[in-house]
Amino acid sequence: MGKKVILVDDSKTILATAQMALEEMIGRGTIQFTTYLNPAELLDALLNGREDYDLLISDINMAQMSGLDLAAELKSHDKFKNRPILILTTESSPDMKARGKAIGVTGWMVKPFSDDKLIKAITMVLGL
Amino acid sequence: MSKEKLKQIFIEEANDIIEKMDIDILNYEESPSNKALLNEIFRGVHTLKGSANAFNFSRLGEFVHHFEDVLDFFRSSDITPSASHVDLFLESVNLIKETLEFEISERSGHPEGYEACLNQIQKIISTLKTTPEPAQATITCNDLAQEFGNEIFDEPMPVQRPDEASFFERLEGEETLYTIILTLDSDIYLRGFDHFLFFKNLSHVGRILASFWSPIDTCTLETFDSEYNYFRQVEIMYATQSSQAQIEEIFDFLEPQEYRIVATPRPTVAQPILNVVSEEPVEVASVPLAKEENKEIKAALVQKTFLKIDAQKLDELFDSIGELVIAQNYLGENGKIKAVRDAEVTKTIENLSKITKLIQNRVMSLRMIPIRDTFEKMKRVVRDSSKKVGKPIHLVLQGEDTEIDKTMVEALSDPLIHIIRNSIDHGIETNVEERRKAGKSDEGIVTLSAYHRGGNIIIEVKDDGRGINKEKVYQKALERGLVKPEDELNEAQIYNLIMQPGFSTADVISDLSGRGVGLDVVRTAIESVRGKVEISSVPNQGSTFLIILPLTLAIIDGMIVRSSEKIFIIPTLCIIESFRPAEDEVHVAGSKEEFVQLRSELLPIVRLNRVLELDTQKPNAWESTLVCIENQKGKFALLVDELVGRQQVVIKTLGEFFAKTEGVSGGAVMGNGEVALILNVEELY
């Protein structure tokens with residue numbers, strides 16, 4: 001069974017782009033890939049055991065909740081505490097990054113991202 | 001998925017965002033204290049920025065970038081945008097829309113006003129920011145390092161190096177020997193990392209010859225924290241053919257101070273990097289890491305939120321459902337099956353019928369979307385119109401959650417805009433004094449509502465203006481030759497005249513609703529989706545435009561009638577009533593034209609068998625059934641042999657060849673498998 005990667009971003013374009021980039025990895029069964037447009041929905045599914053992940057990739061600026069808040073919330077649960085979270089965003093101010101690191105964010109990727117970069121990041125963080 | 005398709009997704013998304021921004025800005029103008037709305041707007045722009053750059057839409061990217069700055073400024077400051085700022089925001093949204101169109105069509109240059117608007121945006125920032133906010137203490141990497149207890153690592157802990165020569169002996173082929181020093185922060189586990197992960201990644205592109213671990217402090221079992229990284233430094237002897245850059249990729253997500261990769265030169269020029277002994281390092285034998293491969297299991301791809309379906313496919317599905325309904329009806333009404341008086345058969349058929357109905361309803365609901373978006377769009381129309389003609393207008397929305405067929409939503413937008421502009425331009429009084437005198441509020445009120453009524457959906461546009469001047473409309477229609485002086489028109493018919501082509505109610509064609517097209521386009525558009533427009537008005541109290549729409553486009557509610565042994569379907573929407581006249585109510589004029597007295601009205605009788613040239617029989621009108629139908633030209637009585645019943649039928653086109661058959665708009669397959677033609681009442685009389 002491949003490792004489970006979840007991407008949450010409120011842009012369908014980003015979700016579709018990532019989906020396309022990861023097509024081969026998914027096809028080979030290296031990873032399972034699920035996307036969410038709504039972080040609140042994802043959080044709910046995670047906390048209620050309907051969803052799980054080995055790696056979460058999240059946007060920051062989303063309608064229902066910020067990606068950093070999502071990360072912080074997940075990090076406060078024992079189950080998810082040590083699971084890697086990558087942030088995929090256009091914002092990369094030192095302030096933001098500092099907040100991210102304090103929360104325990106694994107790494108930052110800046111949009112727009114290349115297919116290659118996304119694949120490498122996932123491969124790297126999951127040790128695939 | 002191709003790049004083109006992605007672009008398509010982006011364009012769709014961008015259009016949604018732009019539309020929403022428009023609405024949000026207007027709502028924000030109403031409640032400027034609502035920071036959440038401003039955040040919404042900001043987020044929209046932000047999303048656009050991210051994607052625009054991904055598609056190399058640099059002009060769009062630049063514009064939204066500056067727009068984002070302005071929004072961000074207001075978002076994070078206490079200054080509330082002024083009315084002129086909001087105007088600029090709306091202008092910016094327009095420009096974003098236009099720039100997007102430029103980008104999509106790959107036109108060079110900029111849309112009109114691009115530079116000017118951008119300049120204004122930049123001006124806002126520079127003028128508002130004249131008093132710089134107190135400089136915030138920026139957190140530097142060093143502060144961070146301190147915060148995370150990093151300072152003690154600034155000088156790597158000295159570790160005893162084993163004999164390097166032994167490592168060189170173990171190199172194979174073109175391999176280079178690297179020394180990798182990991183000084184991972186203590187919070188590393190919380191960040192989703194562990195040393196093992198790096199070892200695993202390293203083992204993919206090279207061989208780990210040995211590693212030396214330096215524990216940070218001794219801690220007792222009681223104080224041991226499993227989430228704290230006690231290894232202040234790990235030194236890895238690594239053999240690989242990969243370049244240093246490739247190794248660095250593995251540590252991409254680490255802070256720069258957390259790792260160091262050093263290519264170790266051959267012993268001849270050996271310069272030990274670390275040569276002071278302080279602690280006894282623990283040597284850990286390198287273990288080849290098994291790759292976790294599991295190729296058989298394909299990852300299931302789950303799209304949790306929405307499924308995008310090609311509209312074409314959905315239409316095909318509706319078609320098939322139509323067939324299913326027909327087949328089901330056929331089964332239910334088949335004489336042979338009915339003859340089988342078996343409880344089990346009956347039960348099965350009933351069950352099938354129930355399920356068919358359920359499927360039909362569910363599939364139909366797929367096409368239904370709330371009318372909210374269309375209504376929200378009208379806010380902008382009202383605002384713009386109100387500014388243009390200088391009349392303050394308050395728009396009231398009701399029943400935004402009413403669901404209507406998606407195709408109709410698209411067809412509804414333009415007619416609504418037209419009607420609303422018309423109401424504001426011609427309906428609402430120009431003079432506030434005039435309104436006050438009539439006991440109305442200063443603000444003109446336009447109400448937009450949607451609701452269900454007897455199998456139809458009604459969209460209502462109501463204004464509280466001066467109402468339609470019947471007399472004036474009639475006179476104008478006479479002038480334009482739309483009516484003849486001898487024509488007798490009832491109230492509704494007079495109001496309907498304003499939707500005749502070539503009719504303009506305003507004496508001066510205004511900039512707003514004039515433009516050479518009248519309300520006739522409204523009627524054409526609504527009729528194209530099998531709807532109907534009704535106008536009513538009360539002098540000095542206002543006018544109401546009712547748009548009556550069928551629930552769906554694929555199915556109509558029809559009255560089945562028989563004429564000359566054939567059955568036909570009349571859309572119930574056009575039927576006013578049906579009746580059998582008394583003999584003395586039927587009049588014949590000049591032995592040819594027949595009329596029937598229906599209460600106070602005299603209606604012409606149209607014989608269906610004659611119009612469609614079915615036969616030449618001429619049964620007495622008082623022995624037949626008359627169906628009173630209203631079309632554009634007025635009312636008439638359609639003479640048929642009898643009414644068979646009322647039924648929902650699935651509309652089928654007659655194909656290209658028969659499409660233009662006069663008097664007929666389509667066909668439907670009846671329960672018994674027979675084909676019935678659907679009558680086009682506009683063409684019957």
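What follows is calculated from the coordinates using simple rules that are stated; it is not laboratory data. Please read these numbers as outputs of a predicted model, since none were measured by experiment. Cβ sites come from the backbone with ideal geometry, for glycine too, and all protein chains shown count toward neighbours.
What to note about this one:
- Between the amide H of B:ILE393 and those of B:GLY444, distances stay under 5 Å, these residues lying 5 or more places away or on another chain, with hydrogens modeled in the peptide plane.
- Two-site FRET efficiency, B:ASP384 against B:PHE224, from Cβ-Cβ distance with R₀ of 51 Å, rounded to 0.05: 0.15
- Approximate spin-label separation B:SER528-B:ALA311, in nm, with each point projected 7 Å along Cα-to-Cβ: 1.2 nm
- 18 Å tail of the calculated P(r), region B:299-450, as % of Cα pairs: 72 percent
- Percent antiparallel among DSSP beta bridges (both partners in the protein assembly as shown, rounded to 5): 75 percent
- Per residue of peptide A:94-100, the mean number of Cβ atoms on other chains within 10 Å of the residue Cβ is 3.
- Label-point separation, B:GLN246 to B:LYS3 (7 Å along Cα→Cβ), nm: 2.7 nm
- Stretched out straight at 0.36 nm per residue, the stretch from B:GLU682 to B:GLN398 would grow longer than its current Cα-Cα span by 99.0 nm.
- Phi-based couplings in Hz for region B:307-315 (Karplus 6.51, -1.76, 1.60; Gly and Pro marked x): 9, 8, 10, 4, 4, 4, 5, 5, 4
- The number of Lys pairs in region B:537-685 with C-alpha atoms less than 21 Å apart, excluding pairs fewer than 8 positions apart on the same chain, is 8.
- Computed E for B:ARG436/B:LEU602 - FRET, C-beta separation, R0 35 angstrom, nearest 0.05: 0.15
- Taking the Cα atoms of chain A, the ratio Rg/Rh between the radius of gyration and the Kirkwood radius comes to 0.92.
- The eigenvalues of the Cα gyration tensor, multiplied by 5 and square-rooted, give the protein assembly as shown an equivalent ellipsoid with semi-axes of 72, 36, 20 Å from largest to smallest.
- Only Lys, Arg, Asp and Glu carry charge here, each on its Cβ (+1 for the first two, -1 for the last two); on that basis region B:432-503 has a dipole of about 80 debye about its Cα centre.
- Three-way shape call for region B:555-683 based on the alpha-carbon gyration tensor, with the a/c threshold at 1.5: prolate
- In order along region B:598-608, phi translates into HN-Hα couplings of 10, 6, 8, 9, 10, 10, x, 9, 10, 8, 4 Hz, rounded to whole numbers, per the Karplus curve 6.51 cos²θ - 1.76 cosθ + 1.60 with θ = phi - 60° and x for Gly and Pro.
- Computed magnitude of the charge dipole of the protein assembly as shown (debye, nearest 20; Cβ of K, R +1, Cβ of D, E -1): 2020 debye
- Close Lys pairs in region B:369-550, defined as Cα atoms under 18 Å apart and 8 or more places apart or on different chains, number 18.
- Computed magnitude of the charge dipole of region B:369-550 (debye, nearest 20; Cβ of K, R +1, Cβ of D, E -1): 320 debye
- Rg [Å, one decimal], Dmax [Å, integer] - region B:369-550, C-alpha atoms: 15.9, 47
- Given their separation in residues at 0.36 nm each and the Cα-Cα distance between them, B:PHE231 and B:GLU623 gain 130.7 nm when the chain is fully extended.
- Positive dipole terminus of the protein assembly as shown, leading residue within B:LEU416, B:ALA477, B:PHE545 (C-beta point charges): B:ALA477
- Spin-label model distance (nm) - B:ALA165 vs B:ILE445, 7 Å beyond Cα toward Cβ: 10.0 nm
- Modelled FRET efficiency - R0 60 Å, B:ALA492 with B:ASP615, Cβ distances, 0.05 increments: 0.95
- Alpha-carbon centroid distance for the pair region B:361-386 / region A:62-104, whole angstrom: 36 Å
- The slack in the chain from B:LYS633 to B:GLU583, taken as 0.36 nm per residue of separation less the alpha-carbon distance, amounts to 15.4 nm.
- Under-5 Å amide H pairs with B:LEU482, H placed in peptide plane, nonlocal only: none
- Order by protection proxy (mean Cβ within 10 Å, highest first), peptides A:4-11, A:98-105: A:4-11, A:98-105
- Database remark: amide H of B:LEU184 closer than 5 angstrom to the amide H of B:VAL234 (H placed geometrically; neighbours at sequence offset of 5 or more, or on other chains; Pro and chain starts carry no H).
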